[in-house]
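The values are calculated or read from the model by the stated rules, or taken from the named source; none is laboratory data. Because the structure is a prediction, the values reported are computed rather than measured. With ideal geometry, Cβ positions are generated from the backbone for all residues, glycine too; neighbour counts draw on all protein chains shown.
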Amino acid sequence: MTSPCGCGNEQAGECFCAFTSTPDITVSGSGTATSPYALALAPGVKTTVSELDTGTIDMHVNEAPAGNYVVSADARISAQAGNALQQGDDGGLYVLGANAIQPLRFMQLYQTAPQQLQNGQETPLIWHAAYNYPGTIGAGGVDFFEAPYAGIYDFHVFWRITAQVAVRRLFSYIGDTTTPPVRLSGTALAEFPTADLNPGITFGEPLELAAGQRVRVIANQVSGGIRSTISDNRATRLSVTYLGPNH
């Protein structure tokens, strides 16, 4: 046996090094050519694998089955306005070329059940279902739209209620999710007599949003009582077209 540490007897094949076991490490063998020292983890000792995230990588560690660790990582895409990096349809990282044509994406959120609106109270509209929207709609619906990408969005809002309302007594705007909401769009008003028993309000405005930014459609009616939105045939809906990043 060779003795790279220089402590042994080359011809006798002996090693004069001393190894001491610990609660976590076992030592076997006598240090000879036919019985070399062997170091191993003691029975029951478990290897620990921990994740350490960085500013650009989100690490994940899963143990399944016991003793078998699977390590994976997700790239963190900044939500800062103007960032063109996004996750492509195939799951990979994607940046639109400077001369490429930006594909438009149409999305729609809508109500499938009436929503009560208190008299004179600003209320976020609740969306129960969606078309072509990558966000999650829970069983109780959501009261916001979450931008899947950074860039310019063209919003079109339409909602109706079950009451006659005087001139300029229907209000609506797009705001953030704070309380009270900060207005991000102009305020749309019903500027005509609502002789129709099911009056409505519609407006549109483009907005620049960061990826992951949430906005709400705020509705307000002043009719002297509690009213309900109309949900038949998507009568209360939010249509959104993603136009692309702001170059």
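Worth a mention:
- Condition met for LEU189 (surrounded by fewer than 17 Cβ atoms within 10 Å (Cβ to Cβ), under 20 Å from GLY135 (Cβ atoms) and at pLDDT below 95): no
- Screening TRP159 on (1) in a strand (DSSP E or B); (2) under 30 Å from ASP89 (Cα atoms) shows it passes everything except condition (2).
- All conditions in (1) part of a loop (DSSP other than H, G, I, E, B); (2) exposed (fewer than 13 other Cβ atoms within 10 Å of the Cβ); (3) touching a strand residue (DSSP E or B) at 6+ places or on another chain (Cβ under 9 Å); (4) not assigned by TED's automatic domain parsing to the domain that holds ARG169 hold for VAL71, with the sole exception of (1).
- Inter-residue pairs, beta-carbon under 6 Å, first in the same structural domain as CYS17 (by TED's automatic domain parsing) and within 13 Å of CYS17 (Cα to Cα) and in the stretch 27-42, second surrounded by 13 or more Cβ atoms within 10 Å (Cβ to Cβ) and of a type in the set (Ser, Thr, Tyr), 6+ apart: GLY29/TYR37; GLY31/TYR37
- Pair list, Cβ under 7 Å, 6 or more apart: the stretch 129-142 residue farther than 17 Å from PHE106 by Cβ, other residue part of a strand (DSSP E or B): GLY141/TRP127; VAL142/TRP127
- Residue list for the stretch 208-245, restricted to those being crowded, with 18+ Cβ neighbours inside 10 Å, within 26 Å of the chain's Cα centre (by Cα) and part of a loop (DSSP other than H, G, I, E, B): ALA211, GLN213, THR236, PRO245
- Options THR179, THR112: the member that is in a loop (DSSP other than H, G, I, E, B), touching a strand residue (DSSP E or B) at 6+ places or on another chain (Cβ under 6 Å) and among the β-branched types (Val, Ile, Thr): THR112
- In the stretch 112-132, the residues that are more than 19 Å from THR177 (Cα to Cα) and either hydrophobic (A, V, I, L, M, F, W, C) or under 22 Å from the mean Cα position of the chain (by Cα) (or both): ALA113, ALA129, ALA130, TYR131, ASN132
- For the stretch 33-48, taking the residues that are at pLDDT below 80 and in a loop (DSSP other than H, G, I, E, B), the one that is farthest from ALA147 (Cα to Cα) is identified as ALA33.
- Residue satisfying all of: in the stretch 223-247; among the charged types (D, E, K, R) and more than 15 Å from VAL165 (Cα to Cα); modelled with the highest pLDDT among these: ARG237
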